[in-house]
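These notes concern the structure reproduced below.
The values are calculated or read from the model by the stated rules, or taken from the named source; none is laboratory data. Just so you know, these numbers come straight off a predicted model, no measurement behind them. Glycine also receives a Cβ, built like all others from the backbone with ideal geometry; neighbour counts cover every protein chain displayed.
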Amino acid sequence: MGISAAPRMTSEEIVSLSRAHTMFSWSIQGQLDPLAIDRAEGVYLYTPEGRRILDFNAQLMSVNIGHGDRRVIDAINEQASKLQFVQPAFATEIRARLGAKLAEILPGDMNKVFFTLGGAEAVENAIKLARHVTGKYKLLARYRAYHGATAGAMTLTGDYRRWANEPGIVGVVRYPDTHRWGEKEPRPAEEALNGLEDVIKYEGAHTIAAIFLETVVGTNGILIPPDGYLRGVRDLCDKYGIMMVADEVMAGFGRTGRWFAVDHWDVVPDLMTMAKGLTSSYLPLGAVAMNGKIAEAMDTRMFYGGLTYSSHPVSLAASLATIKVYEEDDLIGNSARMGEVMRRHHEALAAKHPSVGAHRSIGLFGILDLVRSQDPWTPITPFNGTSDEMKAIGKFFRENGLYTMISNNSIHTNPPLCINEQQLAEGFDIIDRALDIADQAVKG
């Protein structure tokens, strides 16, 4: 019996069987109460019973073109009917076409990529490339960073998810963040750069292969670097002979209103990791892009890396079709335009609700930070914690048909890039009503 012919399950049946026989990410399994989703279209998710939910986080800031786009689905079906898989030592037409297309849109002289099956694997291979080409082993990373859940990527990750997975790989050293948790404004770029240069001096530039950073930090707060910071990191890397690795897994492919977040500051990294928006998450795919110098170096060296599913033809077809959708529908431009609309919603909520202590956005990459007090500025949750108010807000969203990410004291606002003004207003109306809950906790 095929899937379509099988008796349809209710939400209760789906959740019960899923909990009984599958593990969920980043969860205490016995405390789970997941939503069952049957189908999705545009910016909406639908339960098996037909209840509509506005996806205000593009799932994991990844379904950039929106759900159910037939152009991508048809490209997947066409490739799957022609060639489903060959091992990565073979060349295919879809591999050739996607590689050439990425070279067109990647910044600067980044014109070669290695395909992986996700962002964490892209980071792992960026580590290998940086160490192999430089002959050095240390890797600098920040605390307010998330780079993935595999061994090397998790060691680079600075947040609490790293703790249970330690010890990790050797050679990872922390350098100062631009934003400190519990503070409203970022540190001045010069201060953060001075701190980074101190670490380089203390560790010895001759031992440091690469400096890793999320161009715009994602799950740890949508932290937008102050002007001058990325250029300063690039200059320090050039000064000391260190590779700059930009993690654009979440920030890339239009999320910030440009193809890549580095484009806002006209900075070209040596290596850049990507995934998520690369296929709009229709199929798993990641990549690490490299500049011409690294690509040329690997012409005469063995690349000690490989994955069974590297350059998987069906995933590559999804990616090429996704990029075509970005271009045909001007989704990069829509992200920039709707980003301005979203910023105005943020500003209106901040003016109305005393619980909104800060808001940040670039394109459709946004967040609201909630506080218990404006002066002194006091987050509504403890560090790495939650509160009754944030739990109640999450419950309100679920009951009122909104899905988005809630982490620590923050509400994420990262919808699909195809969203329009009416749909943005719909989402922010629900958030507006939910913030009345947080307002009750604000101390005068």
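Test M290 against the stated conditions and say whether it is in contact (Cβ under 8 Å) with a residue 12 or more places away in the chain and touching a Pro at 6+ places or on another chain (Cβ under 9 Å). So M290 does not fit the description; no.
Answer with yes or no whether S311 is surrounded by 17 or more Cβ atoms within 10 Å (Cβ to Cβ), touching a residue at least 60 places away in the same chain (Cβ under 8 Å), touching a Pro at 6+ places or on another chain (Cβ under 6 Å) and not in a helix (DSSP H, G or I). Answer is yes for this residue. Between R71, R95, the distinction of being over 30 Å from G305 (Cβ atoms) and touching a residue at least 40 places away in the same chain (Cβ under 8 Å) belongs to R71 only.
Taking into account only those residues within the range 13-33 that are hydroxyl-bearing (S, T, Y) and under 24 Å from E49 (Cβ atoms), which is surrounded by the fewest Cβ atoms within 10 Å (Cβ to Cβ)? Reasoning before the result, please.
Going through the range 13-33, the residues hydroxyl-bearing (S, T, Y) turn out to be 16, 18, 22, 25, 27.
Right, trim to under 24 Å from E49 (Cβ atoms) and you get 16, 18, 22, 27.
Details: S16: 13, S18: 15, T22: 8, S27: 10.
It comes out as T22.
Of all residue pairs spaced 6 or more apart or on separate chains, those with beta-carbon atoms under 6 Å, a first member in the range 166-183 that is of a type outside the set (D, E, K, R) and a second member that is assigned to a loop (DSSP other than H, G, I, E, B) are G171/Y137; T178/P186; T178/R187; T178/P225; H179/P186; W181/F383.
Considering each of L102, L98 in turn, give the residue that is in the same structural domain as W259 (by TED's automatic domain parsing), in contact with a strand residue (DSSP E or B) (Cβ under 9 Å, 6 or more places away or on another chain) and closer than 26 Å to A40 by Cβ. So that I can check it myself, show each step before the final result.
Numbers: L102 fails: closer than 26 Å to A40 by Cβ.
When all the criteria are applied, what remains is L98.
The set of residues in the range 319-358 that are in contact with a Gly (Cβ under 7 Å, 6 or more places away or on another chain) and more than 16 Å from A425 (Cα to Cα) comprises Y326, L331, I332, A336. Under the condition of being under 21 Å from N165 (Cβ atoms), assigned to a helix (DSSP H, G or I) and basic (K, R), the residues counted in the range 91-148 number 2.
For D55, the conditions (1) under 27 Å from the mean Cα position of the chain (by Cα); (2) assigned by TED's automatic domain parsing to the domain that holds V216 all hold with the exception of (2).
Tell me, please, whether a residue that is in a loop (DSSP other than H, G, I, E, B), at pLDDT 95 or above and under 21 Å from F365 (Cβ atoms) can be found in the range 385-403.
Looking only at the range 385-403, we keep the residues that are in a loop (DSSP other than H, G, I, E, B), and these are 385-387, 400-401.
Of the ones still in play, those that are also at pLDDT 95 or above are 400-401.
Now narrow it down to the ones that are under 21 Å from F365 (Cβ atoms): none.
Looking through the range 385-403, none of the residues is in a loop (DSSP other than H, G, I, E, B), at pLDDT 95 or above and under 21 Å from F365 (Cβ atoms).
In the set T92, T155, T116, only one residue is surrounded by fewer than 21 Cβ atoms within 10 Å (Cβ to Cβ), out of contact with any His (no Cβ under 7 Å at 6 or more places or on another chain) and at pLDDT 95 or above; that residue is T92. Applying the criterion of being in contact (Cβ under 8 Å) with a residue 60 or more places away in the chain and assigned to a loop (DSSP other than H, G, I, E, B) to the residues of the range 255-266, the residue that is farthest from V288 (Cα to Cα) is G257.
Does G286 satisfy the condition of being closer than 16 Å to A318 by Cβ, over 11 Å from the mean Cα position of the chain (by Cα), modelled with pLDDT of 95 or more and crowded, with 22+ Cβ neighbours inside 10 Å?
Working: closer than 16 Å to A318 by Cβ: yes; over 11 Å from the mean Cα position of the chain (by Cα): yes; modelled with pLDDT of 95 or more: yes; crowded, with 22+ Cβ neighbours inside 10 Å: yes.
Judged against the criteria, G286 is a match.
Of all the criteria given as (1) touching a Pro at 6+ places or on another chain (Cβ under 7 Å); (2) without any contact (Cβ under 8 Å) to a residue 12 or more places away in the chain, the one not satisfied by D429 is (1).
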